[in-house]
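Below you'll find the structure, written out as structure tokens, and then a few comments.
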Amino acid sequence: MIRKVDLTSSTVLNNGVKMPWVGLGVWESKEGGEVENAVRTAIEYGYRHIDTAAIYGNEAGVGQAIKDSGIAREELFITTKLWNSRQGYESTLQAFEESRKKLGVDYVDLYLIHWAVAGKYLETWRAFEKLYKEGYVRAIGVSNFQPHHLQDVMDHFEVLPAVNQVEFHPFLTQREVYSFCREHGIQLEAWSPLMRGGELLSHPLLQQLAKKYEKTPAQIVLRWDLEQDVVTIPKSVHEARIHENAQLFDFQLSTEEVEQITALNQNRRSFPYDPDHVTFGLS
């Protein structure tokens, strides 16, 4: 396991760029005060990694919070994503510029293709390579790609995806994707790492481990991510939860405990989206 000691601890991507292991996700965080407060709070608590997307509709709020934070731009790691309806070469370049302006930054640290739109994602990747080579993006990657999508990109292009961000939690451990990414040096990143709470966090095993380590079940799950060298971006707009989600560095799960949590897998997705049949968000 790669050593992780605090919120500034980073993985090194396949192009040498450092990416913090833990970040704040802002999906469903409302544009304006809500997302601005969440991002400002996270930065105050030591987060340096913020993950947004064009479809979230809150890039401007993220950008305002970054500006207000007083933290130097180079100390922050900002991710945004290209939505399905904007895929294609020219439309990707235009969409990126719109996102960059909303964020109010000169460059984005990581730009992701949100979903693998059949017949479009290769042309989209060509535009991503252009943005990367011209220095507008420090790293490029994908989200919700299956191994065959990744292989397709690798077969056609020079630049390997640096990151694959997928739904990843103890009820959906994605072992094929996990293994493929590790084999090819692609950093796996977990979205919805807590499966929106509820049933997952009430599981007896997680409750038991939480009691043992004097942590919450959510902290156990997030530490499980880190034990597997998976970047994690829990989402919250509540100060107490944002703070709680950062308290992951003063304990470690045993190898056996990690395996027990992994064995909870049910191949269950939180959202009814099939990565192999992306028919939504195209218009």
Q. Which FRET efficiency value, to the nearest 0.05, do you get for LEU205 and PHE251 by plugging their Cβ-Cβ distance into 1/(1 + (r/R0)^6) with R0 = 22 Å?
A. 0.85
Q | Nitroxide proxy distance, nm - points 7 Å out along Cα→Cβ at GLU214 and HIS156 | A | 5.4 nm
Q) Under the rule of -39500 (n - 2.57) per DSSP H run of 4 or more residues, summed and divided by the residues of the chain, what mean residue ellipticity at 222 nm is obtained, to the nearest 500 deg cm²/dmol? A) -11000 deg cm²/dmol
Q. In angstroms, what radius of gyration and Dmax does the range 18-262 have, counting Cα atoms only?
A. 17.7, 54
Q.
Here is the link list: LYS18/LYS67; LYS67/LYS102; LYS30/LYS235; LYS81/LYS102. Which ones come out longer than 19 Å on Cα distance?
A. LYS18/LYS67
Q: Could you point to the residue in GLN208, GLN151, ALA139 farthest towards the positive end of the range 18-262's charge dipole, with +1 and -1 charges on the Cβ of Lys/Arg and Asp/Glu respectively?
A: ALA139
Q. For the residue pair ARG196 and GLU134, what label-to-label distance in nm results when each label sits 7 Å from Cα along the Cα-to-beta-carbon direction?
A. 3.8 nm
Q: For the chain, give the share of DSSP beta bridges that are antiparallel, in percent and rounded to the nearest 5; count only bridges with both residues there.
A: 15 percent
Q | Pairs of Cα atoms farther than 12 Å apart, the range 88-136, % | A | 61 percent
(Q) At 7 Å along Cα-to-Cβ for each site, give me the label-to-label distance between VAL12 and GLU75 in nm. (A) 2.3 nm
Q. What dipole magnitude, in Debye to the nearest 20, does the chain give about its Cα centre under +1 on Lys/Arg Cβ and -1 on Asp/Glu Cβ?
A. 200 debye
Q: Give me the aspartates and glutamates in straight-line cross-link reach of LYS101: C-alpha distance below 13 Å, same-chain residues under 8 apart excluded.
A: GLU59
Q: Scan the chain and hand back the longest stretch that contains none of the GluC sites (Glu not before Pro) lying in DSSP loops with at most 10 other Cβ atoms within 10 Å.
A: 1-133
Q. Helix 59-69 versus the longest principal axis of the chain: what angle, 0 to 90°, nearest 10, using Cα atoms?
A. 70 degrees
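Since every read-out is calculated from the coordinates, none of them should be taken as a lab result. Owing to the predicted nature of the structure, the values given are computational and were not obtained by experimental measurement. Please note: Cβ atoms are built from the backbone with ideal geometry, for glycine as well, and neighbour counts cover all protein chains shown.
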